[in-house]
Amino acid sequence: MLKVYNTMSRKKEEFKPINENRIKMFVCGPTVYDKSHIGHGRTYIAFDVIARYLKYRGYSLFYLQNITDIDDKIIKRASELGIGPLKLAKEFEELYFLDMELLDVTNVNYYARAMEHLPEIIAQIQTLIEKGYAYETSTGVYFDESRFEDFGKLSNRSIEELNVSRVNPEPTKRNPGDFALWKKKDEEPAWNSPWGPGRPGWHIEDTAISETYFGGQFDIHGGGLDLIFPHHEAEIAQMESATGKKPMVKYWMHTGFLNVSGEKMSKSLGNFITIEELLKEYDPQVFRYFVLSTHYRSPIDFSDDALKQSENSLKRIYKLMDTVEKLLETDIVEESETDEVYHKILKDAKKEFLEAMDNDFNTPIALSTLFNLIRDINKGINQENISKNVFKEIKNLLNEFGSILGLNFSFESSKDDLKDELINILVDVRGKLRQKKDYELSDKIRSRLREVGINLEDK
Ligand code: AMP
């Protein structure tokens, strides 16, 4: 049985979608004003694995993400660079997609840009005004938090606490904790609305988008821990007030932070490493493994040592996979009397792996199951008592685990294949050079290859 930790109940709950087998999942996407850093990478890899596992479990999943393409930070950066804010957003959105592709984050079904949903945003604000949850002032349209009695239920804060936490509240608001749905603006960039030119608030874009694609209720809403308050709290207030349906979301899921020396990695603190920078030094699979070696709700401390450890762990898996693939090409026995023992080892490993994933997507435990399996198989390889049939099963099971985690365990061997092909090309070129009696260059190729440990012999 799949259990999911729900931030709302602060408990692990049995996972039962609203609509039998179909799951609607929304995860807050990035504000595209800069390159994505590896903290973003952590959150999106975590939800990618959650999506993969839900599909593996046979659910039909629609995974929706918004893109915040208008925001004060975008406008500030664009004016510094002297370009339009939407153009800037588009450029960073493309880089974000590229980063996600490199990290193999491939399960989002649809990315919805906020500014392509302006009519829906305006319509939802109008509904909130009509129902008495929102009001207009000289500076904008605000949500009246005192009208929504459940305000604070996700972050477990009282209205009083929420109000105290606001410094210098906007003077036209009724309550200090009221938040903007529409900000009136005289200067560009501004868009027309029934309340004059302006821009939407941050929280309303998500609920306008999720209502458009999912209606008033859906199964999973995710994001990083920092979004619980005020963002997700505000989303609940908006959606439940606008549609009258409760609860807006069945399972709220939040990822822990990726930290550097105990501090959240963030653009504003300036302690960030972009995904692009990291991938110059490490393979994307190494970073993915590093992320999955900690449970998605726990903080994860970034360090070179931790990445090196992930690299070494991955190498152990690649090495086993490589050995298995090579042994499958030899003429070892098809069956053996030890097969039953290995069938049980593989069956138990799969059961434990899936139990770990069923337990709120516990990837570190799933990975430790995988390493116990590797230990048993390596022992068998040393004792030479594993048959071809069992090796095939081992390969299939490792690939099955890999596809759930988004890791390709045949990776290193495919690199080896590439290496072999490159050597063949060099050998070919060298042969042609020798035919043309260009011994100087052909000897140079041979000595350079020797420097990297490859010995060519002229027959
Ligand atoms: P932003 O573009 O800053 O709104 O962030 C996009 C997503 O990345 C949100 O779900 C954030 O919670 C998440 N995020 C940002 N920084 C980190 C971090 N250091 N660790 C984990 N997730 C993060």
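One way to sum up the overall shape of the stretch 1-101 is the equivalent ellipsoid from its Cα gyration tensor, whose semi-axes run 34, 13, 12 Å, largest first. Rolling a 1.4 Å probe across all protein chains gives Arg450 an accessible area of roughly 130 Å².
Around the amide H of Asp144, modelled in the peptide plane, lie the amide H atoms of Ala134, Tyr135, all under 5 Å away and 5 or more residues distant in sequence or on another chain. Rounded to the nearest 10 square angstrom, Val286 shows an accessible area of 10 square angstrom against a 1.4 Å probe. Would you mind checking the tilt of helix 439-451 against the longest principal axis of the Cα atoms of the chain, expressed as 0 to 90 degrees and rounded to 10? The angle comes out at about 70 degrees. Just to confirm the number: angle between the C-alpha axis of helix 411-435 and the first principal axis of the chain, 0 to 90 degrees, nearest 10? Helix 411-435 sits roughly 50 degrees off the main axis of the chain.
Here the average projected area of the convex hull drawn through the C-alpha atoms of the stretch 3-255 stands at 13.3 nm². Antiparallel DSSP bridges in the chain: what percent, to the nearest 5? Expressed as a percentage, antiparallel bridges in the chain total about 45. Expressed as an acute angle from 0 to 90° and rounded to the nearest 10, what is the orientation of the C-alpha long axis of helix 233-243 relative to the principal long axis of the chain? Between helix and principal axis, roughly 70 degrees. Just so you know, the Cα atoms of the stretch 109-183 work out to an Rg and Dmax of 13.9, 42 Å. Legend: residues Trp191, Trp202, sorted from most to least accessible area (1.4 Å probe; ligands, DNA and RNA excluded), read Trp202, Trp191. Taking one quarter of the surface of the C-alpha convex hull of the chain gives a mean projected area of 28.7 nm². From the alpha carbon centroid of the stretch 371-409 to that of the stretch 71-141 is 46 Å.
The distance separating the Cα centre of the stretch 1-68 from that of the stretch 208-266 comes to 11 Å.
With Rh defined as the Kirkwood radius, the inverse of the mean 1/r over Cα pairs, the Rg/Rh of the stretch 88-149 is 1.19.
Along its three principal directions, the equivalent ellipsoid of the stretch 303-459 from the Cα gyration tensor extends over semi-axes of 40, 21, 12 Å, largest first.
For the residues Asp458, Asp376, Asp69, a 1.4 Å probe over the protein chains yields an accessible-area ranking, largest first, of Asp458, Asp376, Asp69. Here the Karplus relation 6.51 cos²θ - 1.76 cosθ + 1.60, evaluated at θ = phi - 60°, turns the backbone of the stretch 261-269 into coupling constants of 6, x, 10, 4, 6, 8, 5, 5, 7 Hz, with x for every Gly and Pro.
Measuring only protein heavy atoms, the 1.4 Å probe finds Glu116 accessible over about 110 Å².
With all pairs of separate Cα atoms included, the stretch 227-362 yields a Kirkwood hydrodynamic radius of 19.4 Å.
The values are calculated or read from the model by the stated rules, or taken from the named source; none is laboratory data. If you're wondering where the values come from, they're calculated on a predicted model, not measured in any experiment. Each accessible area value is taken on the protein alone, full model and side chains, heavy atoms only, with ligands, DNA and RNA left out. Shrake-Rupley method; radii C 1.70, N 1.55, O 1.52, S 1.80 Å.
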